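What follows is calculated from the coordinates using simple rules that are stated; it is not laboratory data. Here the structure is a predicted model, which means the values were calculated and not measured. Cβ sites come from the backbone with ideal geometry, for glycine too, and all protein chains shown count toward neighbours.
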Amino acid sequence: MSLDVWQKIAEEKIKAAQERGELDDLPGSGKPLDLEDDSHVAPELRLAYKVLKNAGYTPPEVEAQKEIHQLEELLSGAPDEKTRYRALKRLNFLAMKLGELRPHSALLDEHRYASRIVARLVKSRNGK
């Protein structure tokens, strides 16, 4: 059977369940969906990571990506040079760690990444 046939069958079953009121009191009904931002995960790994997350496990590279994001935020609002230096040092360590965990570059587009860091530093120095 083609995908269209399966889609039509599924839609008919959903419509019948709606008419019987079976979908009226579902948890979260009427509330916005809580969609996770998985844009930092390679598309071919998203399903596997979702399964691991549902099992209560977070891969080390995902944890490192989260910490990198937090450090980038810290850099943009760092109050002094010492804080920026420590954040950059940790950021470099995490980038190196990601490079070991992945077969390809941890930063994917290193030039764009470096530009973002420099822009945040300049912005924080100018007080904006």
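Beta carbons within 10 angstrom, averaged per residue: use that to sort the peptides 15-26, 47-58, highest first.
Descending mean neighbour count gives 47-58, 15-26.
The percentage of C-alpha pairs in the chain whose separation is greater than 19 Å is 66%. So, R0 is 41 Å and r is the distance between the beta-carbons of Asn92 and Leu33; what FRET efficiency does that work out to, to 0.05? Efficiency at R0 = 41 Å is approximately 0.65. As a calculated quantity, the FRET efficiency between Leu121 and Leu52 at R0 = 35 Å, using C-beta atoms, amounts to about 0.55. Principal-axis analysis of the Cα atoms of the chain puts helix 60-76 at an angle of about 60° to the longest axis.
Taking a straight Cα-Cα cut-off under 19 Å and skipping sequence neighbours fewer than 8 places away in the same chain, the aspartates and glutamates within cross-link reach of Lys97 are Glu61, Glu63, Glu67, Glu72, Asp109, Glu110.
Cα-Cα pairs above 15 Å in the stretch 1-71: how many percent? Let's see the in-between values first.
Details: 1781 of 2485 pairs.
Result for the distance tail: 72 percent.
Computed over the alpha-carbon atoms, the stretch 36-77 gives an Rg to Rh ratio of 1.04, Rh here being the Kirkwood radius from the mean inverse distance. Here the gap between Ala17 and Lys82, fully extended at 0.36 nm per residue and compared with their Cα-Cα distance, gives a gain of 17.3 nm.
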